[in-house]
Amino acid sequence: MPVTFIGAGPGAADLITVRGQRVLARAQVCLYAGSLVPPELLESCPPDADLVDTADLTLDEIVARMVDAHRAGREVARLCSGDPSIYSAVAEQLRRLDEAGVPYDIVPGVPAFAAAAATLGRELTVPTVGQTVILTRARARSTAMPASEDLAVLGASRATLVLHLAVGRTRELVGQLVPHYGVDCPVAVVARASRPDELVLRGTLADIADQVEQAGVRRTAVIVVGRILAAQGFPDSYLYSAGRDRSAKR
């Protein structure tokens, strides 16, 4: 049977998908990052399942655990925070499983940016205000960003930005974004979205860095930048417009 990668969601244990929970319920081996995955999720695993906290393991050690368990005929679940499609390091793991000839499945999860938008009570695509969302991160000591995805380049679009893994460099990011968005552009920081200790900061590019530093937010947060955060008086979507031809196919 394949190794199954499961999106654990942004933090709240009940935001995992039904499919993901069903896989956990029969998993004989479950690998998870203890610093990111809520421990309540592990309660869905069978009582005799092997639970492996990967926080102190290297990538090769993690994959070796999955390969060994698969070859022993055991059902393996790999929990990833958020959704496996972004910033999950799944690509490297899948590459190694391909090399080892081990099959795998992926169960999507609720991404952090979606949980943050829900907390903010905002749609990220608002008619005539913003129809594009850019998901990105900041250049740091981690893997380098491609030159074409420099924040100054992306900011030139003035699209709604959702920055992951970047809150520790908020002040630097503000300096790069102000020339494109202006100091009065609305910004929100959502830390630990959906969790009991969730924290929300709302402001503008003029004051958000001060707020982040005063609140002591250093990780597990997303930054949302864009006019959609304060949009008012925008028209209804054409889908619901009274003038739309209801006989036309979508």
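A compact table of results
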| read-out | value |
| --- | --- |
| Failed item in (1) surrounded by fewer than 19 Cβ atoms within 10 Å (Cβ to Cβ); (2) out of contact with any Pro (no Cβ under 8 Å at 6 or more places or on another chain); (3) not in a loop (DSSP other than H, G, I, E, B), with Leu79 passing the rest | (1) |
| Members of segment 18-36 that are part of a loop (DSSP other than H, G, I, E, B), open to solvent by 30 Å² or more (accessible area, probe 1.4 Å) and either charged (D, E, K, R) or at pLDDT below 95 (or both) | Gly34, Ser35, Leu36 |
| Members of segment 108-122 that are closer than 30 Å to Ala64 by Cα and either assigned to a loop (DSSP other than H, G, I, E, B) or acidic (Asp, Glu) (or both) | Pro108, Gly109, Val110, Pro111 |
| Contacts under 7 angstrom Cβ, first residue in segment 218-230 being under 13 Å from Gln131 (Cα atoms) and assigned to a helix (DSSP H, G or I), partner open to solvent by 30 Å² or more (accessible area, probe 1.4 Å) and of a type in the set (A, V, I, L, M, F, W, C), 6 or more apart | Arg227/Val129; Ile228/Val129 |
| Contacts under 7 angstrom Cβ, first residue in segment 144-160 being at positive phi, partner surrounded by 14 or more Cβ atoms within 10 Å (Cβ to Cβ), 6 or more apart | Arg158/His180; Arg158/Tyr181 |
| Number of the condition not met by Thr125 [criteria: (1) open to solvent by less than 60 Å² (accessible area, probe 1.4 Å); (2) within 16 Å of Val67 (Cα to Cα)] | (2) |
| Single residue of segment 128-156 satisfying the filter (within 20 Å of Pro235 (Cβ to Cβ) and not in a loop (DSSP other than H, G, I, E, B)) that is most open to solvent (accessible area, probe 1.4 Å) | Val133 |
| Residues being under 21 Å from Thr220 (Cβ atoms) and of a type outside the set (A, V, I, L, M) - total across segment 55-84 | 7 |
| Some residue of segment 180-194 being outside any helix (DSSP H, G or I) and of a type in the set (S, T, N, Q) | yes |
| Some residue of segment 41-51 being under 18 Å from Pro2 (Cα atoms) and open to solvent by less than 20 Å² (accessible area, probe 1.4 Å) | yes |
| Tally of residues being touching a residue at least 40 places away in the same chain (Cβ under 8 Å) and either among the hydrophobic types (A, V, I, L, M, F, W, C) or assigned to a loop (DSSP other than H, G, I, E, B) (or both) across segment 37-72 | 4 |
| Any hit, segment 100-107, residues being assigned to a loop (DSSP other than H, G, I, E, B) and in contact (Cβ under 8 Å) with a residue 60 or more places away in the chain | yes |
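The values are calculated or read from the model by the stated rules, or taken from the named source; none is laboratory data. A quick note: this is a predicted structure, and the numbers were derived from the prediction, not measured. Every residue, glycine among them, receives a Cβ derived from its backbone with ideal geometry; neighbour counts consider all protein chains shown. Note: accessible area is taken over every heavy atom of the protein model, side chains too, but ligands, DNA and RNA are not part of it. Shrake-Rupley method; radii C 1.70, N 1.55, O 1.52, S 1.80 Å.
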